[in-house]
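Single-structure report; data block below.
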Amino acid sequence: MAAFGILGLFLLPTLAEAYRARVVAANPVVPKGCANSCNNGPFPDCLINASLASPIERASKDAVDILVFPEVYGVEEIMLCPPKEEDLLPKDGTLLCPDSDGVSTATPWWVKVACLAKKWHVLVVVGVYDWGPCVPGPDPFIHRPFPCFGNLTVFNKAVVFGVDGTLLAVHHKHHMAHTLTPTENISVRRSNGIIYNPSARGVYNDDVAGAWPVPDVTVFTSHFGVKFGLIICHEINFASPLRSMISAGVRDVIFPTQWGGSYGGNFAATQSGFAIAHQVNLLSANGMSGGSGIWPADYKKSPVQFLADATMVESPTPQWFGTLDLESPAAAFLPPLMAPAPVYPIISKTQMLDASSSGIIADLNLQGVLCRLDLKNAKIEGGRFLFGASVGINIIGMFEASCWIFSCDMLHQPSHLTPDFARIAAWPLTKEDYDECKESTSATAITFSGTPTMEIDSPYSNFFIPLGQCQDTSIPMPRPHAIEVSSSSQRLVLPTECPMTYGGLRSFAQSDFEEPMCPNGFCPSPSPCNDTSWELKFDAWCLLIPETDEREQQQSVYV
């Protein structure tokens, strides 16, 4: 087991429970002519038959205990079809399918899925947009609630069906996929070496649904004895509701998501590091190409991982099924609480290195955070790479302090294969960095030998995620893991098992109740978002003020 914070809390061990898990990567296969109607909700019969029934039956024949489908796996366009209030999804604990032979075409979709789970004796988790009572939660950036339709609104849910036909749990997404994103994917370097992204920010909407008003602490116990928690997509970036779930005894986390494509990038490394850092098993079912897999808590145990390729920009085709036998971990880890971190826009420093850097120690100091790359006992083969430090409020609205390396080879790859961190850190790469990498005749991945290490010391951080990604987007084995140096410092031994494109340590200031923060100079309250239908459109932007000159004046304090 990796070493973690002296002041952190390892929850008391529980008896290990074994189970077989399966996750589905890809969005549903919609047969030709399978159109949604206002009578069918997110799952018309043709979609259930094509994309749920067969995988559930197959899982049963493969002795799978739990089958997880991606976020919003059903039909998305349900906004025009608000149901009657008496036709809403029932409460947790309701027996939906007393008799699996009694299903008719008029039966609600949730009864049909519950009967499939009962018939094939498989615990089923599926993500949907679905209706519920209107309890609007304002967006943290533009301070507007999602609209209501009468007394109802749409929520992003993950629904859990037990093997006895019961509705085991319903999780409501609280942290919506709204990010404070730069309009340009390029940064500039000031004369003092500090890098920042000067472009205007817009709130990007990738979640056409209402936010549950508070983090939804969803915990349930399976028929095989494992206590699970649920988070959906963007919620992996926040400590709430996960901290409450771990405190309640959760050691295994279900994670339906839609992350990837040219906008989202690849975040398999983040999933692996998340599982190791929290000491939980993570079951990730992703409808997009950004990374699916089952990630054991123990870094020495191999995951099962979906590997995206250069041609697979959006949803994986054909569908991919990842299966792994797991044991519920004996203990999970909760970082100690600490004081709030600073609230300035994320900034970076970088240093270009290459194979001749073998044997050196490189240090970057930024806003009180130290990043050290120790290559004294290491050799490097391959092309140039950037060693970087980034500190501040990222585009998600969370403080992070991170040390990282990007190979120049990464900049030659399609954008959907680049790590998610590049976008989250507001693209900490300058035009000069791009040009130097792209003009390099040795733009190949980095191969380390010996014992290369990276260390971060951040007085603002209490939680550290170790990262490493091979050139083919796989996670090296043993999986990257951190060792504690002090309460504010951790060390990562960089992988030597494969040519690397990306590695590092991301650190955060976890608290029990987290909401996105707006960095100084970007978010007036309320925001002057003039697009009145922004909440109802995918891939929509709302540009924010103040104007560039005002923002520059406020940023100059930090950069």
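Near Gly383, within a Cβ-to-Cβ distance under 15 Å, what is the net charge of the other residues, with Lys and Arg +1 and Asp and Glu -1?
Details: positive: Lys379, Arg384, Lys438; negative: Asp354, Glu381, Asp409, Asp433, Asp435, Glu436, Glu439.
That sum, taken over residues with Cβ under 15 Å, equals -4.
Can you work out the FRET efficiency for the pair Ser191 and Asp435, with r the C-beta to C-beta distance and R0 = 22 Å, to the nearest 0.05? If you can, show how the numbers build up before the last one.
On the way: r = 19 Å, r/R0 = 0.86.
Once rounded, the FRET efficiency stands at 0.70.
In terms of overall dimensions, the range 334-437 has a Cα radius of gyration and Dmax of 14.9, 42 angstrom. Calculation over all alpha carbon pairs of the range 56-185 in 10 angstrom steps from 0 returns a P(r) of 12, 37, 31, 14, 6, 0 percent.
Below 8 Å, C-alpha to C-alpha, sequence gap of six or more: please give me the relative contact order for the chain in percent.
After rounding, I find 17 percent.
Size of the range 239-303: Rg and Dmax of its alpha carbons, in Å, are 12.0, 37.
Let me have the relative contact order for the range 281-404, percent, based on Cα pairs under 8 Å that are six or more residues apart. It would help to have the intermediate numbers written out before the result.
Details: 190 pairs, mean separation 22.5, N = 124.
Reported relative contact order: 18 percent.
Shown here are the Rg and Dmax of the Cα trace of the range 123-163, at 13.1, 42 Å. What net charge do the residues around Thr350 carry, taking every other residue with its C-beta under 14 Å from that of Thr350, with Lys and Arg at +1 and Asp and Glu at -1? Combined, the nearby Lys, Arg, Asp and Glu give -1.
Nearest 0.05, what FRET efficiency do Phe513 and Asp92 give at R0 = 30 Å with Cβ-Cβ as r?
Details: r = 23 Å, r/R0 = 0.75.
Calculated value: 0.85.
From the Cα gyration tensor of the range 450-498, with a ≥ b ≥ c the square roots of its eigenvalues, which class applies: rounded if a/c is under 1.5, or else prolate if a/b is larger than b/c, or else oblate?
Values: a/c = 2.98, a/b = 2.00, b/c = 1.49.
Prolate, because a/c is 1.5 or more and a/b exceeds b/c.
Please compare each pair in Lys32/Lys157; Lys32/Lys61; Lys173/Lys349; Lys157/Lys227 to a cut-off of 23 Å on the Cα-Cα distance and tell me which ones are over it. Spell out each step's value before the answer.
Details: Lys32/Lys157 26 Å; Lys32/Lys61 28 Å; Lys173/Lys349 35 Å; Lys157/Lys227 19 Å.
The answer is Lys32/Lys157; Lys32/Lys61; Lys173/Lys349.
Backbone amide hydrogens, once placed in the peptide plane, bring Ser240 within less than 5 Å of Glu514, excluding anything fewer than 5 places away on its chain. The modelled label-to-label distance for the pair Phe538/Lys376, using points 7 Å beyond Cα in the direction of Cβ, is 5.3 nm. Computed on the range 394-458, the Cα convex hull volume stands at 108 Å³ per residue.
So what's the chain giving for Rg/Rh, alpha carbon basis, Kirkwood Rh from the mean inverse pair distance?
On the way: Rg = 23.1 Å, Rh = 24.0 Å.
My calculation puts Rg/Rh at 0.96.
The gain in end-to-end length when the Lys84 to Val30 segment is fully stretched comes to 16.8 nm, 0.36 nm per residue minus the alpha carbon separation. Tell me, what is the FRET efficiency for Ala50 and Phe224 to the nearest 0.05, using R0 = 41 angstrom and their Cβ-Cβ distance as r? Once the sixth-power term is evaluated, E becomes 0.90.
For Gly165, the residues whose amide H sits under 5 Å from its own are Lys118, ignoring neighbours fewer than 5 places away on the same chain, with H placed 1.01 Å from N. A convex hull fitted to the Cα coordinates of the range 265-364 yields 208 cubic angstrom per residue.
Since only Trp295, Leu123, Phe306 are under comparison, the one whose Cα sits farthest along the positive direction of the charge dipole of the chain, derived from C-beta charges on Lys, Arg, Asp and Glu, is Trp295.
Classify the range 161-267 as rounded, prolate or oblate from the Cα gyration tensor: take a ≥ b ≥ c as the square roots of its eigenvalues, call it rounded if a/c is under 1.5, otherwise prolate when a/b beats b/c and oblate if not. Don't skip to the answer; put the middle values down first.
Numbers: a/c = 2.94, a/b = 2.39, b/c = 1.23.
Verdict is prolate for the range 161-267.
Simple spin-label estimate for Asp62 and Gln413 gives 2.5 nm between the two label positions (7 Å along the Cα-to-Cβ direction from each Cα).
Dipole magnitude for the chain: about 740 debye, using +1 per Lys or Arg Cβ and -1 per Asp or Glu Cβ, origin at the Cα centre.
Here each label is just a point 7 Å from Cα along the line to Cβ, and for Val135 and Asp354 those points are 5.9 nm apart. Convex hull volume of the C-alpha atoms in the range 425-518, normalised per residue: 144 Å³.
Answer rounded, prolate or oblate for the range 204-332, using the Cα gyration tensor with square roots of eigenvalues a ≥ b ≥ c: rounded when a/c is under 1.5, else prolate when a/b is larger than b/c, else oblate. Don't skip to the end; give the middle numbers.
Details: a/c = 1.94, a/b = 1.24, b/c = 1.57.
Judged from the Cα gyration tensor, the range 204-332 comes out oblate (a/c at least 1.5, b/c at or above a/b).
Once the Cα-Cα distance is subtracted from the 0.36 nm per residue extended length, the Thr323 to Asn151 segment shows a gain of 57.8 nm.
Under a Cβ-Cβ cut-off of 15 Å, what is the net charge of the residues other than Asp363 that fall near it, where Lys and Arg count +1 and Asp and Glu count -1?
Working: positive: Lys349, Arg372, Lys376, Arg491; negative: Asp374, Glu455, Asp457.
Computed value for this residue: +1.
Every number here is computed from the coordinates shown, using simple stated rules; none is lab data. Owing to the predicted nature of the structure, the values given are computational and were not obtained by experimental measurement. Every residue, glycine as well, gets a Cβ built from its backbone with ideal geometry; the counts of neighbours run over all protein chains shown.
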